[in-house]
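Engineer: This structure is in structure tokens; I'll ask about it shortly.
The values are calculated or read from the model by the stated rules, or taken from the named source; none is laboratory data. Predicted model, so just to flag it, every value in this text is computed and none were measured. All Cβ positions, glycine included, derive from the backbone under ideal geometry; neighbour counts span all protein chains shown.
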Amino acid sequence: MNFLSGMMRTCDTTGLPVCLNAQKFIRLNAVMAVVFLLVGAIMAILLALTRWPAVHLLDAEYYYRFLTLHGLNMLIFWIIFFEIAILYFTATSLLKCRLAAPRWAFASFALMLVGALMVNAIVFAGQADVLMTSYLPLLAHPIFYLGIILFAVGALIGVIVFFATIYIARRDKTYQGSMPLVTFGALAAAIIAVVALLHGAIAMVPTFLHSIGLVDQPDAGWYRLIWWGLGHQTQQINVCAMVACWYFLAHMTTGARPLNEAVCRGAFVLYILFINLASAHHLLVDPGVGAEWKIWNTSYAMYLAVLASMIHGFTVPASVEVAMRGKGYTRGLFGWLRAAPWSNPAFSAFLLSLVIFGFIGGITGVTLGTQQINIIAHNTLRIPGHFHATVVGGTSLAFMGLAYYVVPLIFQREYRFRTLAKIQPWLFAIGITLMSFGMSFAGSSGVPRRHWDTEFTGALLPAGFASDAYLWLGLVGIGGTLAFLGLLIFILNTVHAVFFGDKIIGRAMTPWHTPRSLVPTPEHAPAPAPQPLGARARAVAHRVPGTLVLVIVLLASFAVYYFANWKALSDVWHVR
């Protein structure tokens with residue numbers, strides 16, 4: 001049946017077409033994503049309270065069991081289920097195309113769900129306390145590896161359905177001109193996903209065969225090398241999807257458009273080409289790989305992937321500034337930012353995601369990717385402090401912002417508790433920022449990365465460091481509690497909206513934000529007329545002065561933090 005005759009509807013809120021087959025699978029994947037998010041969140045608050053010395057909730061057995069569950073549900077199941085939903089959305093609604101192979105889309109969902117349930121069940125049963133990395137020679141029950149394999153195969157099928165849908169859209173000319181930038185970002189995520197899942201198959205299939213006694217144990221050093229081709233790239237799928245969400249939400253909330261799509265597309269290509277090399281920073285303390293390989297990948301090639309993030313980190317807020325100034329909000333450097341739609345939770349979630357990812361996750365990530373600093377910091381709590389800023393404060397917060405449009409668009413329901421929705425991104429962002437700072441500074445005080453016993457940890461620390469460490473671990477507990485409350489508000493509010501929210505069939509969603517009225521000022525001027533590409537590039541510094549100031553602050557913060565770490569190598573860390 002033709003997509004334009006009976007298999008689609010038009011969203012009254014966004015004006016986007018929605019393929020009914022795609023809608024079904026977007027709903028299924030999004031709902032399961034939120035279910036696994038809840039499981040991971042419950043584990044998270046238990047772990048945060050265990051790390052808090054004043055509470056120290058769990059014993060060693062349950063700490064490592066729940067840490068395994070937390071990592072798998074938050075970093076793998078929640079995010080990849082949601083990303084599959086994003087792939088289907090960007091390939092159908094944005095390209096005005098039908099979903100290719102709905103039966104295969106169902107097979108993808110079924111395999112992912114069965115695999116995730118198998119993994120959760122066997123870990124809850126206490127037969128797979130091997131953490132998310134599952135490093136050999138630690139060995140879990142065969143069901144653990146089989147569940148991960150089934151989930152990965154299901155995700156790979158979902159990615160193939162996405163590719164097939166893009167092919168159909170191109171073949172049938174369902175869209176004009178170049179592929180939309182948001183879909184291009186999703187395509188970059190899908191390409192990285194294929195490479196990551198192939199690494200997973202290479203690592204997990206032999207390990208599964210070993211767990212049932214068919215082959216000898218794979219080499220532990222080989223396993224770590226291949227596993228990080230899965231583990232790190234999985235998180236870079238998140239980065240591409242997160243950035244695609246930024247562009248989508250910037251446009252939906254402010255009407256922003258990228259200043260130069262060619263540059264933005266080039267940045268996504270840099271992710272595809274170089275992000276796998278960045279996984280080497282997880283192996284900088286591993287004696288199984290050579291120093292030349294480590295230095296090349298982390299001190300040179302990785303920075304090309306960092307350049308991609310810096311490009312997006314500039315173009316996204318710059319596009320918002322141009323859009324807001326074009327509407328007349330031109331007073332001063334940051335009048336456009338003050339007048340932005342902060343009462344729209346989708347906007348606040350996306351912009352807070354960008355700030356946390358850039359200022360905390362980005363700065364700490366580049367610093368920790370330096371070999372000499374990494375050797376000191378890698379097995380401390382600084383590493384979780386970094387990736388909680390990137391994956392949780394960055395990716396998860398962006399996905400939450402997207403949900404505030406996905407629910408009206410796909411589920412045709414409206415959020416009823418709108419005040420809670422407006423508060424939620426701020427509460428979650430403040431909590432995850434405090435937790436990330438607490439982890440980072442506790443790690444700087446010498447707190448080990450994975451040890452559950454704070455008293456044992458204190459006995460290991462240099463004189464005078466234990467009291468500082470306990471203070472920062474307390475901040476981890478407080479921040480984790482606030483983040484959990486923000487996450488719980490999001491889950492409960494979203495579940496209520498999906499099942500009990502007011503239907504918006506035949507009408508638009510009630511706007512989240514009432515634009516601030518303009519006060520005429522001497523600077524008030526209409527939006528500039530479109531200019532040729534070269535002239536627009538030359539004029540960009542004059543059009544986005546506020547964004548340029550923010551970028552300078554970011555670079556200055558990075559320089560101070562980076563060189564402070566080098567000072568710490570000689571002045572703070574003591575050899576015992």
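Engineer: Looking only at region 383-391, decide whether some residue is of a type in the set (S, T, N, Q) and in a helix (DSSP H, G or I).
Structural biologist: Yes, there is a match, as at least one residue in region 383-391 is of a type in the set (S, T, N, Q) and in a helix (DSSP H, G or I).
Engineer: Inspect all residues belonging to region 226-248 and state whether any of them is surrounded by fewer than 23 Cβ atoms within 10 Å (Cβ to Cβ), hydrophobic (A, V, I, L, M, F, W, C) and over 19 Å from Val391 (Cα atoms).
Structural biologist: Checked region 226-248: at least one residue is surrounded by fewer than 23 Cβ atoms within 10 Å (Cβ to Cβ), hydrophobic (A, V, I, L, M, F, W, C) and over 19 Å from Val391 (Cα atoms).
Engineer: Inspect region 274-286 for any residue being surrounded by fewer than 16 Cβ atoms within 10 Å (Cβ to Cβ), of a type in the set (A, V, I, L, M, F, W, C) and at pLDDT below 80 and give the result as yes or no.
Structural biologist: So in region 274-286, the residues surrounded by fewer than 16 Cβ atoms within 10 Å (Cβ to Cβ) come out as 285-286.
Checking the rest, the ones that are also of a type in the set (A, V, I, L, M, F, W, C) come to 285.
Okay, now just the ones that are also at pLDDT below 80, so 285.
Yes: one or more hits.
Engineer: When region 91-108 is examined, which residues are found to be surrounded by 22 or more Cβ atoms within 10 Å (Cβ to Cβ) and touching a Gly at 6+ places or on another chain (Cβ under 8 Å)?
Structural biologist: Ala105, Ser108
Engineer: Here is a further query. Looking only at region 328-344, filter to residues that are modelled with pLDDT of 90 or more and polar (S, T, N, Q); which one of those is surrounded by the fewest Cβ atoms within 10 Å (Cβ to Cβ)?
Structural biologist: Ser343
Engineer: With respect to Leu58, determine if the residue is surrounded by fewer than 19 Cβ atoms within 10 Å (Cβ to Cβ), assigned to a helix (DSSP H, G or I) and touching a residue at least 60 places away in the same chain (Cβ under 8 Å).
Structural biologist: So Leu58 does not fit the description; no.
Engineer: Here's something else I'd like to know. Since Arg325 meets every condition but one in (1) under 26 Å from the mean Cα position of the chain (by Cα); (2) at pLDDT 85 or above, which condition does it not meet?
Structural biologist: Tallying (1) under 26 Å from the mean Cα position of the chain (by Cα); (2) at pLDDT 85 or above, Arg325 fails exactly one: (1).
Engineer: Within 25 Å of Trp222 (Cβ to Cβ), among the polar types (S, T, N, Q) and part of a helix (DSSP H, G or I) - does that describe any residue in region 82-90? Reasoning before the result, please.
Structural biologist: Residues of region 82-90 within 25 Å of Trp222 (Cβ to Cβ): none.
So far as region 82-90 goes, no, none of its residues is within 25 Å of Trp222 (Cβ to Cβ), among the polar types (S, T, N, Q) and part of a helix (DSSP H, G or I).
Engineer: Tyr300 is checked against (1) out of contact with any helix residue (DSSP H, G or I) (no Cβ under 8 Å at 6 or more places or on another chain); (2) in a loop (DSSP other than H, G, I, E, B) and fails just one. What number does that condition carry?
Structural biologist: That leaves (2) as the condition not met.
Engineer: How do the pairs read when you match residues in region 157-168 that are in contact (Cβ under 8 Å) with a residue 24 or more places away in the chain with residues anywhere that are polar (S, T, N, Q) and surrounded by 24 or more Cβ atoms within 10 Å (Cβ to Cβ), using Cβ under 7 Å and keeping only pairs 6 or more apart or on different chains?
Structural biologist: Ile157/Ser108; Gly158/Ser108; Val161/Ser108; Thr165/Thr92
Engineer: Taking the options Ala305, Ala280, name whichever one is outside the structural domain of Val366 (by TED's automatic domain parsing) and more than 30 Å from Met252 (Cβ to Cβ).
Structural biologist: Ala280
Engineer: Examine region 366-379 for a residue that is aliphatic (A, V, I, L, M), part of a helix (DSSP H, G or I), modelled with pLDDT of 90 or more and farther than 20 Å from Val306 by Cα, and state whether such a residue exists.
Structural biologist: no
Engineer: As an exercise: evaluate Ile275 against (1) closer than 17 Å to Gln235 by Cα; (2) without any contact (Cβ under 8 Å) to a residue 24 or more places away in the chain and give the number of the one condition it does not meet.
Structural biologist: Only one criterion is unmet by Ile275, namely (2).
Engineer: I'd like the residue in region 206-221 that is free of Cβ contacts under 8 Å to residues at least 60 places away in the same chain and in a helix (DSSP H, G or I) and, out of all such residues, is farthest from Gly365 (Cα to Cα).
Structural biologist: Leu209
Engineer: Here is a follow-up. Give me a count of the residues in region 253-304 that are of a type in the set (A, V, I, L, M) and within 30 Å of Arg543 (Cα to Cα).
Structural biologist: 8
Engineer: Of the numbered conditions (1) farther than 18 Å from Tyr247 by Cα; (2) of a type in the set (A, V, I, L, M); (3) in contact with a helix residue (DSSP H, G or I) (Cβ under 6 Å, 6 or more places away or on another chain), Ile375 satisfies every one except a single condition; which is it?
Structural biologist: Ile375 satisfies every listed condition except (3).
Engineer: Among the residues of region 337-346, is any assigned to a helix (DSSP H, G or I) and more than 18 Å from the chain's Cα centre (by Cα)? Step through it out loud before you land on a result.
Structural biologist: Here is the first cut: in region 337-346, the residues assigned to a helix (DSSP H, G or I) are 337-338, 345-346.
Next cut, more than 18 Å from the chain's Cα centre (by Cα) only: 337-338.
Yes, because at least one residue in region 337-346 is assigned to a helix (DSSP H, G or I) and more than 18 Å from the chain's Cα centre (by Cα).
Engineer: OK, next. Among the numbered criteria (1) in the same structural domain as Ala105 (by TED's automatic domain parsing); (2) in contact with a Phe, Trp or Tyr (Cβ under 9 Å, 6 or more places away or on another chain), which single criterion is violated by Thr13?
Structural biologist: (1)
Engineer: Of the conditions (1) buried (at least 18 other Cβ atoms within 10 Å of the Cβ); (2) modelled with pLDDT of 95 or more, Gly480 satisfies every one except a single condition; which number is it?
Structural biologist: (2)
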